[in-house]
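A.B. asks: I'd like to ask some things about the structure below.
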Amino acid sequence: MPLTNSSQDAQPTEQQPRPALSDAGFSLAQKVCFLSQPAAYLNDSGPQTHPIETVETHMAWVFLTEQHAYKLKKPVRYDFLDFSTLAARYQDGQAELQLNRRLAKEIYLDLVPLTVDPEGGLQLGQGGTVVDWLVKMRRLPADSLLDVALQQATVTASDITRVVHRLAQFYQSLPPVQLSAVEYRDQLQTDLQTTRQTLTLHANGLPGDWVGQIIDALLRFLQTQADCFDQRVYQGKIIEGHGDLRPEHICLWPEVVVIDCLEFSPPLRMLDCVDELAFLALECERLGHRAIGHQILTTYADVSGDYAPESLINFYQAYRACLRAKLAIWHIPEPGQLAAADWFERARRYLHLAESHLPG
């Protein structure tokens with residue numbers, strides 16, 4: 001999500017007064033319609049001379065003005081999150097600001113209320129009965145993002161070095177997550193088993209034996225190389241990281257910025273720092289830049305002194321590829337996203353990546 005420039009940097013706190021929380025009968029469609037109009041931003045961002053760009057994601061709508069991006073969470077509920085109430089969306093917005101300011105302090109600006117005006121219409125950033133909350137961010141130029149730079153083949157070795165230094169400093173600043181080695185391995189095992197179930201039950205057309213062979217190989221490695229995973233726990237390498245470290249979330253400014261952390265689920269952010277970087281390298285490979293992915297991993301090892309075994313890195317990349325295949329399958333029934341055939345093909349590509357990274 002390309003997110004530019006504003007002086008506002010305040011966020012609501014529990015000590016500040018808040019209007020009564022109510023959805024006041026407005027549907028998501030009505031909110032999206034209002035927020036898609038330039039006039040909606042007159043009070044909060046000033047007159048808009050260009051149309052508002054809208055982007056629908058799995059769990060939100062994003063509205064792009066000339067200088068800002070506003071994210072409206074959908075009132076959805078899944079096993080791993082609950083945005084179904086106004087209070088829950090407020091709390092998640094607060095968490096999104098707090099967590100993303102770790103790596104993008106100047107980007108995440110405020111939590112802005114969507115309210116009802118005296119005539120019963122919607123208004124943004126004004127007093128009245130709150131019907132929703134939007135996270136307000138600076139808009140980043142699209143050509144500053146790593147995924148675009150990869151597509152345009154403009155990424156330099158210096159860019160990657162700056163990214164890795166930023167992330168290494170971030171990881172070193174985080175305390176280890178307090179969990180046992182057994183708990184860590186159990187979580188990986190559970191993730192793989194649920195992934196197998198999803199891919200075999202809901203992805204008609206994916207060969208069940210192919211999926212099974214990939215998952216079985218990873219489970220075997222997890223069992224036979226348990227000491228390798230245990231050492232990562234004992235060394236304090238399991239931290240509460242970003243959780244969704246993809247090229248489209250990295251801005252290649254002189255001071256690297258990383259946006260869109262996975263704010264809604266602490267367990268999904270609790271991972272090995274090398275696992276997180278292995279996922280970033282995997283995504284670079286998926287975009288046709290395996291060498292850059294390799295550079296990310298080797299530079300991190302040199303910068304941090306954290307030389308994880310190559311077999312463990314391969315495990316993490318195959319494991320992440322399987323999880324992304326599962327996520328693609330979950331997307332298939334959704335309207336407004338990619339066509340079902342495209343999601344299915346994405347799942348297949350991820351499984352090929354998983355197969356290519358199976359640890360020997």
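The values are calculated or read from the model by the stated rules, or taken from the named source; none is laboratory data. Note that this is a predicted model, so its numbers are computed, not measured. Please note: Cβ atoms are built from the backbone with ideal geometry, for glycine as well, and neighbour counts cover all protein chains shown. The accessibility values were calculated without ligands, DNA or RNA, using every heavy atom of the protein model including side chains. Shrake-Rupley method; radii C 1.70, N 1.55, O 1.52, S 1.80 Å.
A.B. asks: I'd like to verify a number: residues in the stretch 49-77 that are over 18 Å from CYS261 (Cα atoms), surrounded by fewer than 17 Cβ atoms within 10 Å (Cβ to Cβ) and not basic (Lys, Arg), how many?
C.D. replies: Within the stretch 49-77, residues that are over 18 Å from CYS261 (Cα atoms), surrounded by fewer than 17 Cβ atoms within 10 Å (Cβ to Cβ) and not basic (Lys, Arg) number 7.
A.B. asks: For LEU268, are the conditions met, namely being hydrophobic (A, V, I, L, M, F, W, C) and open to solvent by 30 Å² or more (accessible area, probe 1.4 Å)?
C.D. replies: So LEU268 passes the test.
A.B. asks: Those residues that are open to solvent by 30 Å² or more (accessible area, probe 1.4 Å) and either part of a helix (DSSP H, G or I) or over 22 Å from GLU106 (Cβ atoms) (or both), I need them from the stretch 135-146; list them, please.
C.D. replies: Scanning the stretch 135-146 gives ALA142, ASP143.
A.B. asks: Another question, if that's okay. Quick test for you: out of ALA308, ALA321, pick the one residue that is among the hydrophobic types (A, V, I, L, M, F, W, C) and not in a helix (DSSP H, G or I).
C.D. replies: ALA308
A.B. asks: So which residues in the stretch 237-265 are closer than 22 Å to ARG185 by Cβ, surrounded by fewer than 22 Cβ atoms within 10 Å (Cβ to Cβ) and among the hydrophobic types (A, V, I, L, M, F, W, C), if there are any at all?
C.D. replies: Across the stretch 237-265, the qualifying residues are ILE239, LEU262.
A.B. asks: Tell me which of these ARG349 doesn't satisfy, since it passes every other one: (1) within 22 Å of ARG232 (Cβ to Cβ); (2) modelled with pLDDT of 95 or more.
C.D. replies: Condition not satisfied by ARG349: (1).
A.B. asks: Of all residues being out of contact with any helix residue (DSSP H, G or I) (no Cβ under 7 Å at 6 or more places or on another chain) and of a type in the set (D, E, K, R) in the stretch 115-134, which is least open to solvent (accessible area, probe 1.4 Å)? Just the residue, please.
C.D. replies: ASP117
A.B. asks: Would you say ARG320 is under 25 Å from ALA149 (Cα atoms) and open to solvent by 10 Å² or more (accessible area, probe 1.4 Å)?
C.D. replies: It is true that ARG320 is under 25 Å from ALA149 (Cα atoms) and open to solvent by 10 Å² or more (accessible area, probe 1.4 Å).
A.B. asks: Contact list please: Cβ distance under 9 Å, first residue in the stretch 112-128 and under 9 Å from ASP44 (Cβ atoms) and modelled with pLDDT under 90, second residue part of a loop (DSSP other than H, G, I, E, B) and open to solvent by 30 Å² or more (accessible area, probe 1.4 Å), pairs at least six apart or on different chains.
C.D. replies: That search, which allows pairs on different chains as well, returns GLN126/ASP117.
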